[in-house]
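The values are calculated or read from the model by the stated rules, or taken from the named source; none is laboratory data. Quick caveat: nothing in here was measured; it's all calculated off a predicted structure. Note that each Cβ is placed from the backbone with ideal geometry, even for glycine, and that neighbours are counted across all protein chains shown. Heads up: the accessible areas ignore ligands, DNA and RNA and are worked out on the full protein's heavy atoms, side chains in. Shrake-Rupley method; radii C 1.70, N 1.55, O 1.52, S 1.80 Å.
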Amino acid sequence: MSVGIIGTGHYAPDNIVTNKDLEKMVDTTDEWIRSRTGIEERRIAKDDEDSSDMAYEAAKLALADANITAEELDLILVATVTPDTPFPSVSCMIQEKLGATNAASMDVSAACAGFMYGVITGQQFIQTGVYNHVLVIGVDKLSKITDWTDRNTCVLLGDGAGAAVLGKVSDDKGILSFELGSDGSGGKYLYQNEDNYLVMDGSSVFKFAVRQMPESSINVIEKAGLKKEDVDYLVPHQANIRIMEAARKRLGIPEDRMAKTVKQYGNNSSASIPIALSESLKQGKIKDGDVIVMVGFGGGLTWGAVALRWGK
Ligand code: UT7
(Lines give C-alpha, C1' and ligand atoms only; values in the text may rest on other atoms or scores of the structure.)
Protein backbone atom coordinates (compact mmCIF):
# COMPACT_ATOMS: atom_id res chain seq x y z
CA MET A 1 0.00 0.00 0.00
CA SER A 2 1.13 3.47 -0.86
CA VAL A 3 -0.28 6.97 -0.21
CA GLY A 4 -1.23 9.23 -3.09
CA ILE A 5 -3.33 12.19 -4.14
CA ILE A 6 -6.79 10.96 -5.16
CA GLY A 7 -8.49 14.29 -5.86
CA THR A 8 -7.66 17.98 -6.31
CA GLY A 9 -9.41 21.33 -6.64
CA HIS A 10 -8.60 25.00 -6.61
CA TYR A 11 -10.24 28.38 -6.26
CA ALA A 12 -9.17 31.90 -7.14
CA PRO A 13 -11.22 35.05 -6.44
CA ASP A 14 -12.91 36.75 -9.46
CA ASN A 15 -11.32 40.15 -8.95
CA ILE A 16 -8.30 40.58 -11.29
CA VAL A 17 -5.65 43.22 -10.54
CA THR A 18 -3.34 43.81 -13.50
CA ASN A 19 0.15 45.27 -13.58
CA LYS A 20 -1.37 48.37 -15.17
CA ASP A 21 -3.66 48.74 -12.14
CA LEU A 22 -0.58 48.60 -9.89
CA GLU A 23 1.15 51.30 -11.96
CA LYS A 24 -1.54 53.65 -10.58
CA MET A 25 -0.82 52.62 -6.98
CA VAL A 26 2.99 52.46 -6.67
CA ASP A 27 6.09 53.56 -8.62
CA THR A 28 6.32 50.52 -10.92
CA THR A 29 5.77 49.48 -14.53
CA ASP A 30 4.12 46.57 -16.26
CA GLU A 31 7.44 45.99 -18.04
CA TRP A 32 9.43 45.77 -14.77
CA ILE A 33 6.98 43.33 -13.18
CA ARG A 34 6.77 41.08 -16.26
CA SER A 35 10.49 40.96 -16.93
CA ARG A 36 11.60 40.51 -13.27
CA THR A 37 8.86 38.13 -12.14
CA GLY A 38 6.78 36.80 -15.06
CA ILE A 39 3.60 38.06 -13.35
CA GLU A 40 0.93 39.77 -15.47
CA GLU A 41 -2.02 39.77 -13.10
CA ARG A 42 -3.18 38.43 -9.74
CA ARG A 43 -6.49 37.70 -8.01
CA ILE A 44 -7.43 39.70 -4.93
CA ALA A 45 -10.22 38.56 -2.60
CA LYS A 46 -13.04 40.86 -1.53
CA ASP A 47 -12.97 42.28 2.01
CA ASP A 48 -15.63 39.82 3.17
CA GLU A 49 -14.00 36.80 1.49
CA ASP A 50 -11.52 35.30 3.94
CA SER A 51 -9.12 32.35 3.80
CA SER A 52 -11.76 29.91 5.07
CA ASP A 53 -14.18 30.92 2.27
CA MET A 54 -11.56 30.28 -0.43
CA ALA A 55 -10.40 27.07 1.25
CA TYR A 56 -13.97 25.79 1.39
CA GLU A 57 -14.47 26.28 -2.36
CA ALA A 58 -11.25 24.39 -3.18
CA ALA A 59 -12.10 21.65 -0.65
CA LYS A 60 -15.53 20.94 -2.16
CA LEU A 61 -13.96 20.49 -5.61
CA ALA A 62 -11.23 18.19 -4.26
CA LEU A 63 -13.77 15.98 -2.45
CA ALA A 64 -15.91 15.71 -5.58
CA ASP A 65 -12.82 14.89 -7.66
CA ALA A 66 -11.80 12.20 -5.15
CA ASN A 67 -15.39 10.91 -5.16
CA ILE A 68 -15.61 10.73 -1.37
CA THR A 69 -17.96 12.37 1.11
CA ALA A 70 -16.93 14.80 3.86
CA GLU A 71 -17.84 12.15 6.45
CA GLU A 72 -15.09 9.94 5.06
CA LEU A 73 -12.39 12.45 6.03
CA ASP A 74 -10.28 11.53 9.05
CA LEU A 75 -8.11 14.64 9.17
CA ILE A 76 -8.15 18.16 7.72
CA LEU A 77 -4.83 20.00 7.47
CA VAL A 78 -4.84 23.62 6.32
CA ALA A 79 -1.53 25.21 5.38
CA THR A 80 -1.82 28.97 5.79
CA VAL A 81 -0.05 32.03 7.18
CA THR A 82 -3.19 34.15 6.89
CA PRO A 83 -5.87 32.33 8.89
CA ASP A 84 -9.17 34.19 9.42
CA THR A 85 -8.27 34.21 13.13
CA PRO A 86 -5.41 32.56 15.08
CA PHE A 87 -8.11 30.37 16.60
CA PRO A 88 -10.41 28.74 15.84
CA SER A 89 -8.22 27.41 13.05
CA VAL A 90 -9.22 27.57 9.38
CA SER A 91 -9.25 23.76 9.40
CA CYS A 92 -11.95 23.75 12.12
CA MET A 93 -13.98 26.25 10.08
CA ILE A 94 -13.68 23.94 7.06
CA GLN A 95 -14.60 20.91 9.18
CA GLU A 96 -17.86 22.63 10.12
CA LYS A 97 -18.64 23.99 6.63
CA LEU A 98 -18.06 20.61 5.01
CA GLY A 99 -19.85 18.65 7.74
CA ALA A 100 -16.75 16.48 8.14
CA THR A 101 -18.07 15.02 11.38
CA ASN A 102 -15.36 12.37 11.74
CA ALA A 103 -12.34 14.59 11.07
CA ALA A 104 -9.66 15.98 13.35
CA SER A 105 -8.44 19.41 12.25
CA MET A 106 -5.36 21.56 12.51
CA ASP A 107 -3.55 24.33 10.67
CA VAL A 108 0.04 24.05 9.50
CA SER A 109 2.30 27.10 9.28
CA ALA A 110 5.26 26.77 6.93
CA ALA A 111 4.55 29.70 4.58
CA CYS A 112 4.99 28.87 0.88
CA ALA A 113 6.25 25.36 1.73
CA GLY A 114 3.15 24.73 3.86
CA PHE A 115 1.36 22.50 1.38
CA MET A 116 4.41 20.21 1.21
CA TYR A 117 4.45 20.00 5.01
CA GLY A 118 0.71 19.24 4.99
CA VAL A 119 0.96 16.50 2.39
CA ILE A 120 3.81 14.75 4.19
CA THR A 121 2.14 15.08 7.61
CA GLY A 122 -1.05 13.59 6.18
CA GLN A 123 0.87 10.82 4.46
CA GLN A 124 2.23 9.58 7.81
CA PHE A 125 -1.26 9.02 9.25
CA ILE A 126 -2.38 6.99 6.24
CA GLN A 127 0.90 5.09 5.86
CA THR A 128 0.70 3.91 9.47
CA GLY A 129 -2.83 2.61 8.87
CA VAL A 130 -4.44 5.00 11.36
CA TYR A 131 -6.45 7.05 8.84
CA ASN A 132 -7.88 6.49 5.37
CA HIS A 133 -8.44 10.01 4.01
CA VAL A 134 -6.73 13.31 4.74
CA LEU A 135 -7.77 16.63 3.18
CA VAL A 136 -4.81 19.00 2.71
CA ILE A 137 -5.55 22.59 1.76
CA GLY A 138 -3.12 25.40 0.97
CA VAL A 139 -4.76 28.81 1.29
CA ASP A 140 -3.62 32.37 1.73
CA LYS A 141 -5.20 35.77 1.59
CA LEU A 142 -1.90 37.64 1.36
CA SER A 143 -3.73 40.83 0.33
CA LYS A 144 -4.72 41.38 3.97
CA ILE A 145 -1.07 41.50 5.09
CA THR A 146 0.22 43.33 1.99
CA ASP A 147 1.55 46.86 2.31
CA TRP A 148 -0.02 48.34 -0.81
CA THR A 149 2.49 51.22 -0.74
CA ASP A 150 5.53 48.87 -0.88
CA ARG A 151 6.45 48.17 -4.51
CA ASN A 152 9.00 45.55 -3.41
CA THR A 153 6.23 43.20 -2.30
CA CYS A 154 2.75 44.30 -3.43
CA VAL A 155 3.37 43.51 -7.10
CA LEU A 156 4.28 39.89 -6.31
CA LEU A 157 1.36 38.55 -4.31
CA GLY A 158 -2.12 37.14 -4.89
CA ASP A 159 -4.95 35.32 -3.08
CA GLY A 160 -6.25 31.78 -3.63
CA ALA A 161 -6.69 28.22 -2.41
CA GLY A 162 -5.79 24.73 -3.59
CA ALA A 163 -6.76 21.38 -2.07
CA ALA A 164 -5.86 17.72 -2.36
CA VAL A 165 -7.35 14.57 -0.87
CA LEU A 166 -4.80 11.97 0.21
CA GLY A 167 -5.76 8.31 0.23
CA LYS A 168 -4.50 4.79 -0.32
CA VAL A 169 -3.34 3.98 -3.84
CA SER A 170 -1.76 0.92 -5.42
CA ASP A 171 1.81 -0.02 -4.50
CA ASP A 172 3.46 1.31 -7.66
CA LYS A 173 1.76 4.76 -7.41
CA GLY A 174 1.72 7.58 -4.89
CA ILE A 175 4.38 9.33 -2.83
CA LEU A 176 7.86 7.94 -3.52
CA SER A 177 10.02 10.22 -1.40
CA PHE A 178 10.11 13.60 0.31
CA GLU A 179 12.35 16.19 1.89
CA LEU A 180 11.31 18.84 4.40
CA GLY A 181 13.69 21.38 5.89
CA SER A 182 13.97 24.65 7.77
CA ASP A 183 16.54 27.29 8.66
CA GLY A 184 15.31 29.80 11.23
CA SER A 185 18.43 31.92 10.80
CA GLY A 186 16.87 33.11 7.52
CA GLY A 187 13.67 34.28 9.24
CA LYS A 188 14.84 37.87 8.87
CA TYR A 189 14.54 37.68 5.07
CA LEU A 190 10.76 37.19 4.97
CA TYR A 191 8.45 37.96 7.88
CA GLN A 192 5.37 39.77 9.14
CA ASN A 193 6.26 43.05 10.89
CA GLU A 194 4.58 44.70 13.86
CA ASP A 195 2.17 46.53 11.54
CA ASN A 196 1.16 43.06 10.32
CA TYR A 197 2.66 43.63 6.87
CA LEU A 198 4.69 41.12 4.90
CA VAL A 199 8.31 42.32 4.59
CA MET A 200 10.84 40.70 2.28
CA ASP A 201 14.49 41.00 1.39
CA GLY A 202 13.81 39.90 -2.18
CA SER A 203 17.35 39.28 -3.36
CA SER A 204 18.30 37.14 -0.32
CA VAL A 205 15.18 35.00 -0.78
CA PHE A 206 15.91 34.81 -4.50
CA LYS A 207 19.44 33.47 -3.91
CA PHE A 208 18.19 30.92 -1.37
CA ALA A 209 15.40 29.75 -3.69
CA VAL A 210 17.59 29.37 -6.77
CA ARG A 211 19.85 27.03 -4.77
CA GLN A 212 17.18 25.22 -2.74
CA MET A 213 14.62 24.35 -5.41
CA PRO A 214 16.93 22.26 -7.62
CA GLU A 215 18.81 20.82 -4.62
CA SER A 216 15.64 19.54 -2.91
CA SER A 217 14.25 18.28 -6.20
CA ILE A 218 17.42 16.30 -6.91
CA ASN A 219 17.38 14.92 -3.35
CA VAL A 220 13.85 13.52 -3.69
CA ILE A 221 14.55 12.15 -7.16
CA GLU A 222 17.59 10.27 -5.81
CA LYS A 223 15.75 9.11 -2.66
CA ALA A 224 13.09 7.63 -4.96
CA GLY A 225 15.81 5.70 -6.81
CA LEU A 226 15.17 7.72 -9.97
CA LYS A 227 17.21 9.90 -12.32
CA LYS A 228 16.48 13.45 -13.49
CA GLU A 229 15.42 12.04 -16.88
CA ASP A 230 12.65 10.02 -15.17
CA VAL A 231 10.78 13.16 -14.10
CA ASP A 232 7.77 13.83 -16.34
CA TYR A 233 6.44 16.99 -14.73
CA LEU A 234 7.60 19.68 -12.30
CA VAL A 235 5.25 21.63 -10.02
CA PRO A 236 7.38 24.35 -8.39
CA HIS A 237 6.27 27.07 -5.99
CA GLN A 238 5.11 29.94 -8.19
CA ALA A 239 7.08 32.89 -6.80
CA ASN A 240 9.03 34.15 -9.78
CA ILE A 241 9.40 32.73 -13.29
CA ARG A 242 13.18 33.31 -13.13
CA ILE A 243 13.52 31.11 -10.03
CA MET A 244 11.28 28.46 -11.60
CA GLU A 245 13.20 28.51 -14.88
CA ALA A 246 16.54 28.19 -13.07
CA ALA A 247 15.25 25.06 -11.31
CA ARG A 248 13.75 23.62 -14.48
CA LYS A 249 17.00 24.07 -16.42
CA ARG A 250 19.12 22.51 -13.64
CA LEU A 251 16.81 19.49 -13.74
CA GLY A 252 16.84 19.30 -17.55
CA ILE A 253 13.05 19.33 -17.76
CA PRO A 254 11.49 20.56 -21.05
CA GLU A 255 9.70 23.91 -20.90
CA ASP A 256 6.22 22.49 -21.45
CA ARG A 257 6.70 19.99 -18.58
CA MET A 258 6.60 22.61 -15.82
CA ALA A 259 3.43 24.05 -14.20
CA LYS A 260 3.19 27.82 -14.71
CA THR A 261 0.44 29.76 -12.98
CA VAL A 262 2.59 32.67 -11.78
CA LYS A 263 1.63 34.71 -14.86
CA GLN A 264 -2.07 34.90 -14.02
CA TYR A 265 -2.04 34.43 -10.23
CA GLY A 266 1.28 35.80 -8.91
CA ASN A 267 2.66 34.27 -5.73
CA ASN A 268 -0.18 32.59 -3.79
CA SER A 269 2.04 31.45 -0.87
CA SER A 270 0.67 28.19 0.67
CA ALA A 271 -1.86 27.89 -2.18
CA SER A 272 0.62 28.18 -5.01
CA ILE A 273 1.65 24.52 -5.41
CA PRO A 274 -1.84 22.98 -5.02
CA ILE A 275 -3.32 25.54 -7.44
CA ALA A 276 -0.56 24.79 -9.98
CA LEU A 277 -1.08 21.05 -9.52
CA SER A 278 -4.85 21.25 -9.85
CA GLU A 279 -4.68 23.47 -12.95
CA SER A 280 -2.13 21.18 -14.60
CA LEU A 281 -4.42 18.19 -14.02
CA LYS A 282 -7.46 20.03 -15.39
CA GLN A 283 -5.40 20.92 -18.49
CA GLY A 284 -4.49 17.25 -18.98
CA LYS A 285 -0.78 17.87 -18.54
CA ILE A 286 -0.30 15.08 -15.99
CA LYS A 287 -1.07 11.49 -17.01
CA ASP A 288 -1.51 8.28 -15.08
CA GLY A 289 1.93 6.85 -14.21
CA ASP A 290 3.81 10.16 -14.63
CA VAL A 291 6.57 10.93 -12.13
CA ILE A 292 5.99 14.40 -10.76
CA VAL A 293 8.09 16.52 -8.43
CA MET A 294 6.49 19.26 -6.32
CA VAL A 295 8.90 21.66 -4.66
CA GLY A 296 8.50 24.79 -2.58
CA PHE A 297 10.32 27.24 -0.32
CA GLY A 298 9.19 30.09 1.86
CA GLY A 299 9.36 32.21 4.96
CA GLY A 300 10.88 30.57 8.00
CA LEU A 301 12.90 29.77 6.07
CA THR A 302 11.23 26.51 5.11
CA TRP A 303 11.37 24.18 2.14
CA GLY A 304 9.88 20.92 0.99
CA ALA A 305 9.82 18.60 -2.00
CA VAL A 306 7.84 15.48 -2.86
CA ALA A 307 8.33 12.98 -5.68
CA LEU A 308 5.30 10.91 -6.59
CA ARG A 309 4.01 8.64 -9.30
CA TRP A 310 0.63 9.93 -10.37
CA GLY A 311 -2.46 7.73 -10.25
CA LYS A 312 -4.58 5.57 -7.98
O1 UT7 B 1 7.27 32.97 -1.83
C2 UT7 B 1 8.58 33.13 -1.45
C3 UT7 B 1 9.03 34.50 -1.30
N4 UT7 B 1 9.28 35.33 -2.40
C5 UT7 B 1 10.15 35.14 -3.41
O6 UT7 B 1 10.50 34.08 -3.80
C7 UT7 B 1 10.72 36.35 -4.07
C8 UT7 B 1 12.17 36.20 -4.32
N9 UT7 B 1 12.74 37.39 -4.92
C10 UT7 B 1 12.39 37.85 -6.15
O11 UT7 B 1 11.56 37.30 -6.81
C12 UT7 B 1 13.16 39.03 -6.69
O13 UT7 B 1 14.26 39.29 -5.87
C14 UT7 B 1 12.30 40.32 -6.83
C15 UT7 B 1 11.26 40.14 -7.92
C16 UT7 B 1 11.60 40.63 -5.50
C17 UT7 B 1 13.17 41.49 -7.21
O18 UT7 B 1 13.86 41.21 -8.40
P19 UT7 B 1 15.44 41.48 -8.52
O20 UT7 B 1 15.82 41.21 -9.91
O21 UT7 B 1 16.08 40.67 -7.43
O22 UT7 B 1 15.51 43.02 -8.26
P23 UT7 B 1 16.32 43.78 -7.10
O24 UT7 B 1 15.80 43.40 -5.75
O25 UT7 B 1 17.76 43.59 -7.39
O26 UT7 B 1 15.89 45.27 -7.35
C27 UT7 B 1 16.26 45.96 -8.51
C28 UT7 B 1 15.68 47.36 -8.49
C29 UT7 B 1 15.84 48.08 -7.16
O30 UT7 B 1 16.18 49.39 -7.44
P31 UT7 B 1 17.68 49.92 -7.22
O32 UT7 B 1 17.95 49.73 -5.77
O33 UT7 B 1 18.53 49.05 -8.10
O34 UT7 B 1 17.61 51.33 -7.66
C35 UT7 B 1 14.44 48.05 -6.59
O36 UT7 B 1 14.17 49.17 -5.77
O37 UT7 B 1 14.28 47.29 -8.75
C38 UT7 B 1 13.60 48.13 -7.83
N39 UT7 B 1 12.26 47.61 -7.64
C40 UT7 B 1 11.23 47.94 -8.45
N41 UT7 B 1 11.16 48.73 -9.53
C42 UT7 B 1 9.96 48.85 -10.14
C43 UT7 B 1 11.80 46.75 -6.69
N44 UT7 B 1 10.50 46.52 -6.88
C45 UT7 B 1 10.11 47.25 -7.96
C46 UT7 B 1 8.91 47.41 -8.64
N47 UT7 B 1 8.88 48.21 -9.73
N48 UT7 B 1 7.77 46.79 -8.27
Condition first: open to solvent by 30 Å² or more (accessible area, probe 1.4 Å) and either under 21 Å from the mean Cα position of the chain (by Cα) or charged (D, E, K, R) (or both). Now tell me which residues in the range 99-133 satisfy that.
105, 106, 107, 109, 117, 121, 124, 125, 133
Kindly provide the set of residues from the range 265-302 that are touching a residue at least 24 places away in the same chain (Cβ under 8 Å), in contact with a His (Cβ under 9 Å, 6 or more places away or on another chain) and not polar (S, T, N, Q), ordered by number.
271, 273, 274, 275, 276, 277, 279, 294, 295, 296, 297, 298
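A quick yes/no check of all residues on (1) buried (at least 22 other Cβ atoms within 10 Å of the Cβ); (2) touching a residue at least 40 places away in the same chain (Cβ under 8 Å); (3) out of contact with any strand residue (DSSP E or B) (no Cβ under 7 Å at 6 or more places or on another chain):
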{"site": "203", "(1), (2), (3)": "no, no, yes"}
{"site": "209", "(1), (2), (3)": "yes, yes, no"}
{"site": "235", "(1), (2), (3)": "yes, yes, no"}
{"site": "252", "(1), (2), (3)": "no, no, yes"}
{"site": "263", "(1), (2), (3)": "no, yes, yes"}
Pairs where the first residue, in the range 8-36, is away from the ligand (no atom under 16 Å from the Cβ) and the second is part of a helix (DSSP H, G or I) and among the aromatic types (Phe, Trp, Tyr), C-beta under 7 Å, 6+ apart
12/265
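Here is a yes/no grid of residues against (1) charged (D, E, K, R); (2) touching a Lys or Arg at 6+ places or on another chain (Cβ under 8 Å):
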position: 177; (1), (2): no, yes
position: 194; (1), (2): yes, no
position: 199; (1), (2): no, no
position: 218; (1), (2): no, yes
position: 222; (1), (2): yes, no
position: 280; (1), (2): no, no
Within the range 134-175, tally of residues that are open to solvent by 10 Å² or more (accessible area, probe 1.4 Å), assigned to a strand (DSSP E or B) and within 15 Å of the ligand (Cβ to nearest atom)
1
For the range 50-89, how many residues are acidic (Asp, Glu) and either within 21 Å of residue 116 (Cβ to Cβ) or under 15 Å from the mean Cα position of the chain (by Cα) (or both)?
2
For the range 38-71 the number of residues that are in a loop (DSSP other than H, G, I, E, B), open to solvent by 50 Å² or more (accessible area, probe 1.4 Å) and touching a strand residue (DSSP E or B) at 6+ places or on another chain (Cβ under 9 Å) is 2
